[in-house]
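Notes for the one structure printed next.
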Amino acid sequence: SIVSPLLRTGYHFQPPMNWINDPNAPLYYKGWYHLFYQYNPKGAVWGNIVWAHSVSRDLINWVALEPAIYPSIPSDKYGCWSGSATILEDGTPAILYTGIDRADINYQVQVLALPKDASDPLLREWEKPEEYNPVATPAAGGINATQFRDPTTAWRHAGHWRMLVGSVRGARGMALVYRSRDFRKWTKAKHPLHSAALTGMWECPDFFPVSGPGLQAGLDTSAPGRKYVLKSSLDLTRYDYYTIGSYDGGKDRYYPDDPAGDYHHRLRYDYGNYYASKTFYDPVERRRVLLGWANESDSVTDDKAKGWAGIHAIPRKIWLDPTGKQLLQWPIHEVEKLRGKAVSVDAKLVKPGDHFEVTGIATYQADVEVSFELELEAGTSLLEKAEAFDPAYDDDAQKLCGVKGADARGGVGPFGLWVLASADLQERTAVFFRVFRDGHGKPKVLMCTDPTKSSLSPDLYKPTFAGFVDADISSGKITLRSLIDRSVVESFGAGGKTCILSRVYPSIAVGKDAHLYVFNNGEVDVTVSGLTAWEMKKPLMNGA
Ligand code: DQQ
């Protein structure tokens with residue numbers, strides 16, 4: 001099939017062409033945000049990996065520079081894989097990343113890179129000091145050399161730097177700890193920071209402090225936190241999971257608050273297509289910002305034909321939810337600079353089985369914010385209208401949504417948006433909520449993205465994505481925001497409690513032929529108490 005050029009994203013991060021994966025070493029330095037990323041300069045499939053480099057004033061408009069880190073020493077001769085930046089005590093950045101120094105088995109070592117000229121705000125050139133590299137090898141720790149990668153941002157505690165490297169022993173995934181006095185010589189600690197049975201290789205670990213519940217201020221990675229977040233990207237499932245817990249700096253051990261959640265890996269940054277994410281502390285706005293990668297859901301043949309593959313999600317500010325049990329995420333406010341022409345709807349009732357179109361703007365590249373309100377008849381309650389929740393789906397929102405998709409009539413919901421929809425509704429991607437009554441007589445809210453009708457094109461991967469929303473729906477109110485961008489739908493439920501990014505490739509609902517609707521397939525009336533949709537402008541995007 002031929003992929004329409006109209007499906008290339010407009011405001012999500014990407015290079016002009018070729019393959020992109022993990023975000024690497026985001027940092028702020030001398031007035032510029034820097035983003036490096038895994039990049040294949042030679043094609044639209046993974047391989048020949050170097051660190052491409054872009055800079056920005058606002059994390060939305062990007063200027064591409066030359067690749068910053070590429071094979072140049074024996075330790076990274078066969079690839080420069082993922083890593084992170086740390087701002088040292090003198091204010092200059094240092095990068096730690098994984099070098100591949102033997103092609104046959106992808107033998108992995110950790111490498112240190114320092115700016116060649118720290119007075120250059122653009123940090124264009126990096127050097128890899130010969131006397132210290134590699135700074136960590138698997139041989140010096142009895143580690144599986146093919147499963148030893150992705151060093152984190154380091155943090156300081158009691159006069160020592162510490163960094164983590166992802167690994168696995170048997171099926172137990174883990175974050176190994178390394179310590180250093182001078183950031184140049186590193187020694188492995190005896191125990192990992194944390195590990196979990198049956199989780200497999202931990203790629204791209206991330207570890208950072210957060211302020212107290214509900215406090216939005218981010219913390220520098222070395223600052224003492226009220227709580228800590230440990231995230232790992234599980235190679236087994238290809239999703240990013242996190243837990244919230246406490247950190248014992250003396251022992252360099254991490255203890256998740258909910259050990260059961262640790263084992264089951266319940267909490268995810270995103271319940272859709274989102275992987276190898278990484279946070280950094282932004283000293284300008286005193287916030288912690290999360291970046292993540294979304295690959296294509298199209299065939300490799302199509303990727304090659306269009307000449308590019310992979311995007312990054314819109315940077316998200318993250319902080320601890322008032323309950324202290326999860327994180328909240330919200331697109332950084334800078335993305336709102338792209339908002340153009342807008343339309344609003346208010347107090348619009350959507351009866352069971354009905355839908356209406358949001359007209360007046362182009363919606364193929366849009367930001368939509370909507371508040372829903374359930375209208376219960378006098379004498380009826382939300383719970384009696386809600387479908388009973390089958391506990392068989394307890395840990396599997398995705399499976400549940402696969403069975404109860406957007407077209408399966410329900411009690412309270414499904415209600416939500418049809419985005420990137422054709423005028424005849426043959427093509428549509430549904431983003432919606434559905435409320436169940438759980439075994440304790442409490443509401444249980446499900447958020448889904450259902451792409452099963454997203455395209456008439458063949459050979460697409462169209463997984464239904466879903467997560468539960470730990471939101472209080474007793475008031476009957478819930479909000480949804482969707483960032484629509486041609487082949488991306490990135491949604492934030494209930495103020496950022498549950499997020500789902502999905503890639504879709506409509507064949508008719510492209511450009512001006514993409515429409516936006518609100519639908520209600522439940523038995524309860526739903527009022528759109530407020531909806532605003534903005535057309536989104538195109539930022540500077542690496543010269544494309
Ligand atoms: N991608 C990198 C690895 C990392 C993986 C290689 C995660 O360092 O483990 O491109 O997507």
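Scanning the stretch 245-289 for residues that are part of a loop (DSSP other than H, G, I, E, B) and hydrophobic (A, V, I, L, M, F, W, C) returns Leu267, Val284.
Would it be correct to say that Thr199 is in a loop (DSSP other than H, G, I, E, B) and either within 16 Å of the ligand (Cβ to nearest atom) or surrounded by fewer than 21 Cβ atoms within 10 Å (Cβ to Cβ) (or both)? If you could, list the steps in order and put the result at the bottom.
Working: in a loop (DSSP other than H, G, I, E, B): yes; either within 16 Å of the ligand (Cβ to nearest atom) or surrounded by fewer than 21 Cβ atoms within 10 Å (Cβ to Cβ) (or both): yes.
Considered against the rule, which asks whether it is in a loop (DSSP other than H, G, I, E, B) and either within 16 Å of the ligand (Cβ to nearest atom) or surrounded by fewer than 21 Cβ atoms within 10 Å (Cβ to Cβ) (or both), Thr199 comes out as yes.
The residue pairs whose first member lies in the stretch 103-124 and is exposed (fewer than 14 other Cβ atoms within 10 Å of the Cβ), whose second member is hydrophobic (A, V, I, L, M, F, W, C), and whose beta carbons are closer than 8 Å, counting only pairs six or more residues apart or on different chains, are Ile105/Ala145; Lys116/Trp126; Pro121/Trp32. Here Glu296 does not qualify as assigned by TED's automatic domain parsing to the domain that holds Asp240, open to solvent by 10 Å² or more (accessible area, probe 1.4 Å) and within 20 Å of Asp58 (Cβ to Cβ).
Is one or more of the residues making up the stretch 338-359 closer than 30 Å to Arg266 by Cβ and outside any helix (DSSP H, G or I)? Within the stretch 338-359, none of the residues are closer than 30 Å to Arg266 by Cβ and outside any helix (DSSP H, G or I). For the stretch 484-494, the condition of being outside any strand (DSSP E or B) and farther than 14 Å from Ser297 by Cβ holds for at least one residue.
Taken over the stretch 246-286, the criterion of being away from the ligand (no atom under 16 Å from the Cβ), among the basic types (Lys, Arg) and at pLDDT 95 or above is satisfied by Lys251, Arg253, Arg286. Could you please let me know if Thr359 is outside the structural domain of Ser455 (by TED's automatic domain parsing) and either more than 25 Å from Pro23 (Cα to Cα) or acidic (Asp, Glu) (or both)? Spelling it out, it is not the case that Thr359 is outside the structural domain of Ser455 (by TED's automatic domain parsing) and either more than 25 Å from Pro23 (Cα to Cα) or acidic (Asp, Glu) (or both). Within the stretch 362-419, being crowded, with 16+ Cβ neighbours inside 10 Å, more than 29 Å from Ala533 (Cβ to Cβ) and modelled with pLDDT under 95 holds for Leu383, Tyr393. Looking at the stretch 77-95, I want the residues that are more than 16 Å from Pro283 (Cβ to Cβ) and open to solvent by 30 Å² or more (accessible area, probe 1.4 Å) and have a partner that is within 12 Å of the ligand (Cβ to nearest atom) and not polar (S, T, N, Q) with Cβ atoms under 6 Å, at least 6 apart or on another chain. Which pairs are those? Close Cβ pairs satisfying both conditions: Tyr78/Ile100; Trp81/Arg149. Within the stretch 128-159, the residues that satisfy the criterion of being within 21 Å of Lys251 (Cα to Cα), away from the ligand (no atom under 16 Å from the Cβ) and open to solvent by less than 50 Å² (accessible area, probe 1.4 Å) are Gly141, Ala154, Trp155, Gly159. In the stretch 1-49, the qualifying residues are those that are under 19 Å from Tyr78 (Cβ atoms), hydrophobic (A, V, I, L, M, F, W, C) and crowded, with 22+ Cβ neighbours inside 10 Å, and the one that is nearest to the ligand (Cβ to nearest atom) is Ile49.
The values are calculated or read from the model by the stated rules, or taken from the named source; none is laboratory data. A quick note: this is a predicted structure, and the numbers were derived from the prediction, not measured. Note: ideal-geometry Cβ built from the backbone for every residue, glycine included; neighbour counts use all protein chains shown. Each accessible area value is taken on the protein alone, full model and side chains, heavy atoms only, with ligands, DNA and RNA left out. Shrake-Rupley method; radii C 1.70, N 1.55, O 1.52, S 1.80 Å.
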